[in-house]
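The structure under discussion appears below in the form of structure tokens.
The values are calculated or read from the model by the stated rules, or taken from the named source; none is laboratory data. Keep in mind that what you see is a predicted model, and the values were worked out from it rather than measured. Don't worry about glycine lacking a Cβ; one is built from the backbone with ideal geometry, like all the others, and counts go over all protein chains shown.
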Amino acid sequence: MLDVTKLSAAYGQVTAIRDIDLAISEGGILAIIGANGAGKSTLLKTIAGQLPTKSGSIVFDGDDVSGLPAYERARRGIIMVPEGRRLFASLTVHENLQTALSAKRKGAWTLDAVYDLFPLVAERKDRRAGNLSGGEQQATAIARALVANPRLLLLDEVSLGLAPSIIGELYASLPIILEQGTAILLVEQDVSRALNVSDEVHCLLQGATSLAGKNIALSEISAAYFGTERDS
Ligand SMILES: Nc1ncnc2c1ncn2[C@@H]1O[C@H](COP(=O)(O)OP(=O)(O)OP(=O)(O)O)[C@@H](O)[C@H]1O
Ligand SMILES: [Mg+2]
């Protein structure tokens with residue numbers, strides 16, 4: 001479904017990701033890990049089209065989308081839940097979900113189906129998004145993304161700073177999303193969680209892939225995560 005080859009992107013003159021290769025098939029889940037500033041959000045933004053591709057390709061459902069604007073990629077089903085969630089604080093939860101209806105693609109995720117998946121969102125549908133806890137906002141942001149019926153869901157820092165009980169609920173929803181054939185590309189700070197939930201993990205270090213694989217042991221990750229010079 002998604003085939004990223006030698007992808008690079010920059011902020012002005014400063015290259016932030018370099019020669020990234022990754023692929024995800026329908027219903028697959030790949031996790032990106034890496035230290036602060038490694039380029040994880042940049043990679044997601046580049047795939048979503050919020051940042052231009054400097055070189056390399058992003059092939060999605062057979063087409064190179066790397067030159068397409070973000071809204072066109074969203075129309076094809078590349079939907080991102082950004083770091084920090086970006087809900088409309090003064091709108092209710094329900095109104096936030098409704099904002100996604102205009103970009104809705106055909107698929108299983110009706111408003112009712114999304115509320116069934118996240119009872120905690122349903123219970124708060126008339127509350128203003130700005131008054132929710134971080135975890136409730138994260139669930140609402142994922143629910144809003146689902147309403148658009150993504151083919152590829154890009155999730156940045158799903159669990160950062162959230163209460164463990166809510167993290168459990170959010171992660172429990174992922175297999176159900178994958179069952180519908182949606183693929184997930186996930187940025188996760190919690191390395192063991194990333195290893196547990198995903199088919200494949202890629203570790204970024206200073207904008208490049210330092211380790212990638214399907215059965216990586218926790219013990220292999222430290223050098224790839226911090227760089228081998230850390231102790232010197
Ligand atoms: N808008 C921007 N303008 C210029 N440089 C940026 C911008 N956003 C990020 N960068 C730089 O690009 C690099 C990668 O940043 P990015 O946000 O992708 O990292 P990250 O892995 O998501 O980090 P974090 O774990 O802190 O979210 C960093 O060096 C960062 O300082
Ligand atoms: Mg980030």
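Being within 13 Å of ligand 1 (Cβ to nearest atom) and farther than 23 Å from residue 159 by Cβ is a description that does not apply to residue 59.
Residue under question is residue 101, and the condition is that it be farther than 26 Å from residue 179 by Cα and of a type outside the set (Ser, Thr, Tyr); does it hold? Against the criterion (farther than 26 Å from residue 179 by Cα and of a type outside the set (Ser, Thr, Tyr)), residue 101 does not qualify. If you check 217, 223, 212, 172 for being in contact with a Lys or Arg (Cβ under 9 Å, 6 or more places away or on another chain) and either surrounded by 13 or more Cβ atoms within 10 Å (Cβ to Cβ) or farther than 22 Å from residue 7 by Cβ (or both), only one passes: 223.
Evaluated against (1) within 16 Å of ligand 1 (Cβ to nearest atom); (2) under 22 Å from residue 83 (Cβ atoms); (3) of a type outside the set (Val, Ile, Thr), residue 69 falls short on exactly one condition, (1). Residue under question is residue 10, and the condition is that it be surrounded by fewer than 21 Cβ atoms within 10 Å (Cβ to Cβ), in contact (Cβ under 8 Å) with a residue 60 or more places away in the chain and either hydroxyl-bearing (Ser, Thr, Tyr) or within 16 Å of ligand 1 (Cβ to nearest atom) (or both); does it hold? No: the conditions fail for residue 10.
Residues in region 102-129 that are surrounded by fewer than 16 Cβ atoms within 10 Å (Cβ to Cβ) and touching a residue at least 60 places away in the same chain (Cβ under 8 Å): 1 in all.
Restricting the search to strands (runs of 3 or more DSSP E) fully inside region 27-93 and requiring at least 3 residues that are away from ligand 2 (no atom under 13 Å from the Cβ), at pLDDT 95 or above and surrounded by fewer than 22 Cβ atoms within 10 Å (Cβ to Cβ) gives 55-60.
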